[in-house]
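For reference, the structure is listed below as structure tokens.
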Amino acid sequence: AIRFAAAVDCAFTVTMAADGQYSGLIAKNPLHEHWQTYTINSAPYDLGEMAEFVDLERYGDRRRAMPETGLGRNVNLFNRLRQWAYKAIRQGWPNPTQWDRAVLDRAIGYNVTDNPLPLNEVRHIAKSVSKWTYKHFSAQGFSEAQAARGARKGQKRRDELLPKALEMRSQGATHQQIANTLKLAEKTVRNWLKDKTGKSHIR
């Protein structure tokens, strides 16, 4: 949703040839007596409606950073910071205060650009990233996640190779021959083929 909002914002900036440095903090007051204001649409536009008036194709690739204008700056800083945080928190599992400080320092460093965000916005982004990563990443949780990924990988490999192992066994191949052919440990092959009929291994 945030990237979608940034894409719409950037697309309107390009379409209207607007000032990319405009932060949205200063605007003309439509209720001032010197302005004659016409209300065309009484209901607020949502992002979907606004997107119909601009071309968003150039912003569709999520692997590419948004332009450094408007909401794009927030999106880029958030994505760059969270990707760093996912790896950095595993380097020592710091306490909350240390982690908040480290994330903020990194965010401030990333914000050194030609068009930086206000420090208050940087603080909010850093706090969001540090709070989420500290809550969802822990030494125990990371170990459990690694174990779960390993189990899924092992199950996938077993599902792929077990039919071949069963076929070779039915043709008279030894456990060692099957292991050599499929590049598995002999113990693994023996465990897979405890039921020589293979019925319990086939779903």
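The values are calculated or read from the model by the stated rules, or taken from the named source; none is laboratory data. Fair warning: this is a prediction, and the values are worked out from it, not measured in the lab. Positions of Cβ are generated from backbone atoms using ideal geometry, with glycine treated the same way; all protein chains shown enter the neighbour counts. Note: accessible area is taken over every heavy atom of the protein model, side chains too, but ligands, DNA and RNA are not part of it. Shrake-Rupley method; radii C 1.70, N 1.55, O 1.52, S 1.80 Å.
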Item to check | Cβ pairs under 9 Å, 6+ apart, first in segment 40-67 and in contact (Cβ under 8 Å) with a residue 12 or more places away in the chain, second of a type in the set (Ser, Thr, Tyr) and surrounded by 13 or more Cβ atoms within 10 Å (Cβ to Cβ) | outcome: 66/59; 67/13; 67/59
Next on the checklist: Residues that are open to solvent by less than 40 Å² (accessible area, probe 1.4 Å) and modelled with pLDDT under 75, at least 1 per element: which helices (runs of 4 or more DSSP H) completely within segment 133-203 meet that?
Outcome noted: 139-170
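Kindly state which helices (runs of 4 or more DSSP H) lie completely within segment 2-107 and contain at least 2 residues that are open to solvent by 80 Å² or more (accessible area, probe 1.4 Å). Explain how you work it out, then say what you get.
Numbers: elements: 2-15, 47-51, 71-88.
The qualifying helices (runs of 4 or more DSSP H) are 2-15, 71-88.
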Item to check | Filter result (small (Gly, Ala, Ser) and touching a Leu at 6+ places or on another chain (Cβ under 9 Å)) within segment 96-110 | outcome: 107
Checklist outcome for this item: How many residues of segment 71-98 are over 20 Å from the mean Cα position of the chain (by Cα) and touching a residue at least 12 places away in the same chain (Cβ under 8 Å)? The answer is 2
